[in-house]
Amino acid sequence: ISLEAAPGVATLPIRVDGPFEGDAAPAAGERPDGHIWLDPANAVAAARDVAEALARLDPTNAPAYAANARAFAAETDALRAEVATAVAPLRGRPFLVFHDAFQYFEHAFDLPAAGSVALQDGVEPGPARVAAIRDRVADGAVACAFTEPEFSPKLMATITEGTALRTGSLDHLGAGLPPGPALYPALIRGLAASLAACLAPEG
C-alpha cells in the first residue's frame, strides 16, 4: 500500500528555492513531499490504512488491528493538542532548517520555517548558497538555525560564525530513538522540545 495515497492523508507539494518568508514555490511535476508522518493527522490516517490492510490479510486478528489503530488515534490526537500548546509561544520566531523536511510539522502546528539551507534533500549546499544564507541571517531577524543528526554540524557553524544566531538540531527520522510503540510520540515531542529549546525568548 502507498501511505501517501491512504484515505485521509493530506499531502503537500515539494517546495523549491529554499523557501524564505513564505516565498516558496511548488516544484512543478514533482511527487508530493514525502515527509507525511510529521503531521500527526496523517500518521493517524496512515495507521488506519495499515490496520485495514492487515485485517484483509489476517481476518482472524482484524479486531486487534482495529483496536490498535483506534488506540493510536486517541493517543495521537492527545499528542497533537499537547504539542500545539507547547509550541504556541514560539510562533513568530523565524528559524532555518537544514533541508526542507518539516513542512508537515510546520503546517500542523502553524509554525512556518523561514527557509532551508540546502536546496535539495541529501545534497549539501555549495559556497554560493552558504554565502547567500549568511547574508540573509546577518541582520539577526532569524532566531535559530537547525541542523540534523545525519549532516555535519561544521556547515552550520560556517553559516553562523560571527553572528548571534542560535543553533539546534531537529531529527525528523527519530534516528536516536529506540524502535517500538513509543517512537512516534517521542519523535513529535522531541521536535517540539528542540524547537522550544532554541526558539524560546532568552531571559
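The values are calculated or read from the model by the stated rules, or taken from the named source; none is laboratory data. Only a predicted model underlies this, so the values are computations on that prediction, with no experimental measurement involved. Don't worry about glycine lacking a Cβ; one is built from the backbone with ideal geometry, like all the others, and counts go over all protein chains shown. Calculation scope for accessible area: heavy atoms of the full protein, side chains included, ligands and nucleic acids excluded. Shrake-Rupley method; radii C 1.70, N 1.55, O 1.52, S 1.80 Å.
Couple of notes before you dig in:
- Restricting the stretch 194-203 to residues that are open to solvent by 40 Å² or more (accessible area, probe 1.4 Å) and in contact (Cβ under 8 Å) with a residue 12 or more places away in the chain, the residue that is farthest from the chain's Cα centre (by Cα) is 201.
- Which numbered condition residue 16 fails, given (1) in contact with a Phe, Trp or Tyr (Cβ under 9 Å, 6 or more places away or on another chain); (2) β-branched (Val, Ile, Thr); (3) at pLDDT below 95: (1)
- Qualifying residue in the stretch 122-135 (condition: over 24 Å from residue 9 (Cα atoms), open to solvent by 20 Å² or more (accessible area, probe 1.4 Å) and in a strand (DSSP E or B)): yes
- For the stretch 181-193, taking the residues that are surrounded by 12 or more Cβ atoms within 10 Å (Cβ to Cβ) and of a type outside the set (A, V, I, L, M, F, W, C), the one that is nearest to residue 143 (Cα to Cα) is identified as 190.
- For residue 185: the one exception among (1) in contact (Cβ under 8 Å) with a residue 12 or more places away in the chain; (2) assigned to a loop (DSSP other than H, G, I, E, B): (2)
Conditions (1) open to solvent by 30 Å² or more (accessible area, probe 1.4 Å); (2) of a type in the set (S, T, N, Q), marked per residue:
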site	(1), (2)
142	no, no
149	yes, no
160	no, yes
166	yes, no
174	no, no
